[in-house]
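To start, the structure itself, in structure tokens.
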Number of protein chains: 2
Amino acid sequence: MAKHDPALSQLFHALSDPTRRAILTRLAEGPARVTELSEPTGLRLPTVMRHLSVLEEVGLIATAKDGRVRTCAIVPEALAPARTWLDEQRSLWEARLGRLEAMAMKAMKERDR
Amino acid sequence: MAKHDPALSQLFHALSDPTRRAILTRLAEGPARVTELSEPTGLRLPTVMRHLSVLEEVGLIATAKDGRVRTCAIVPEALAPARTWLDEQRSLWEARLGRLEAMAMKAMKERDR
DNA sequence: ATCATGCTTAGCCATGTCGCTAACTAATAT
DNA sequence: ATATTAGTTAGCGACATGGCTAAGCATGAT
């Protein structure tokens with residue numbers, strides 16, 4: 001069985017929450033402080049903090065504290081493993097389609113023989 | 001705020017489980033019956049059934065029962081929304097990089113004036 | 001020195017997830 | 001007719017998740 005890939009699981013899990021995706025989308029426009037990120041969500045600060053922790057743990061964002069303000073920025077490379085997995089999946093699928101096509105060709109040749 | 005996108009959330013959630021990803025990878029090679037899918041997982045049948053339900057609910061697989069055997073097949077188009085979101089995210093990021101670059105150019109011109 | 005701001009921590013609650021066993025149904029094989 | 005096979009349903013338990021409030025703690029403003 002394909003062995004655990006905890007990083008990928010965590011990555012997809014992080015992306016599975018709409019609030020977290022919204023935060024990432026916001027951050028794609030540029031860095032922001034925590035309060036700034038929390039405002040559009042309608043959620044309380046501690047809740048948003050938790051989402052930010054999740055995002056930071058999987059490496060999707062980086063944060064730094066300056067004085068009492070924490071600034072968050074996106075880490076776009078962190079999305080790569082997800083893309084890679086999806087691409088692999090697609091190429092597996094296409095390989096299979098290719099084999100099916102080959103079989104169909106072969107079947108036609110047999111029939112015409 | 002970006003409005004809810006429950007389908008995307010469910011899709012990412014479905015992909016966030018290693019067992020489910022393993023099942024998809026297996027199915028990329030061709031259809032399989034339930035028992036066949038359960039064997040390599042080391043999990044009990046009802047557990048695997050639950051995973052299959054999740055996959056079917058989000059449209060990642062299709063199943064059909066013939067006699068007492070249920071056959072499962074992948075539905076590769078179902079991955080598209082995930083890919084699309086990742087691509088959008090990347091293009092947002094690149095647009096931002098573009099703007100930063102433009103700002104840097106402008107700053108250099110100002111400085112050289 | 002005091003107050004307001006911005007985050008952080010601790011802890012609670014409801015709900016969801018993932019595993020299991022046990023018992024059931026339906027189809028096929030003997 | 002009976003036994004086996006393949007899946008299904010029901011329901012349990014442990015733990016994770018996502019929301020909240022309340023209280024704490026630095027930093028910056030007055």
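The values are calculated or read from the model by the stated rules, or taken from the named source; none is laboratory data. What you see is a predicted model; the values in this text were computed from it and never measured. Virtual Cβ from ideal backbone geometry, glycine too; neighbours counted across all protein chains shown. Only protein heavy atoms, including side chains, enter the accessible area calculation; ligands, DNA and RNA are left aside. Shrake-Rupley method; radii C 1.70, N 1.55, O 1.52, S 1.80 Å.
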Looking only at residues in segment A:1-33 that are touching a Cys at 6+ places or on another chain (Cβ under 9 Å) and not in a helix (DSSP H, G or I), which one is nearest to the other protein chains (Cβ to nearest Cβ)? A:Pro31
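Quickly run through segment B:38-68 and pick out the residues that are in a loop (DSSP other than H, G, I, E, B) and under 21 Å from the mean Cα position of the chain (by Cα).
Just the residues of segment B:38-68 that are in a loop (DSSP other than H, G, I, E, B), to begin with: B:42-44, B:58-60, B:67-68.
Once the filter is applied, which keeps residues that are in a loop (DSSP other than H, G, I, E, B) and under 21 Å from the mean Cα position of the chain (by Cα), segment B:38-68 yields B:Val58, B:Gly59, B:Leu60.
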Does any residue of segment B:1-20 turn out to be under 16 Å from B:Ile74 (Cα atoms) and open to solvent by 50 Å² or more (accessible area, probe 1.4 Å)? no
Across segment A:1-34, what is the total count of residues that are touching a residue at least 60 places away in the same chain (Cβ under 8 Å), touching a Leu at 6+ places or on another chain (Cβ under 9 Å) and among the aliphatic types (A, V, I, L, M)? 3
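On the basis of being at pLDDT 95 or above, of a type in the set (Gly, Ala, Ser) and assigned to a strand (DSSP E or B), does A:Ala82 make the cut?
Values: at pLDDT 95 or above: yes; of a type in the set (Gly, Ala, Ser): yes; assigned to a strand (DSSP E or B): no.
Spelling it out, it is not the case that A:Ala82 is at pLDDT 95 or above, of a type in the set (Gly, Ala, Ser) and assigned to a strand (DSSP E or B).
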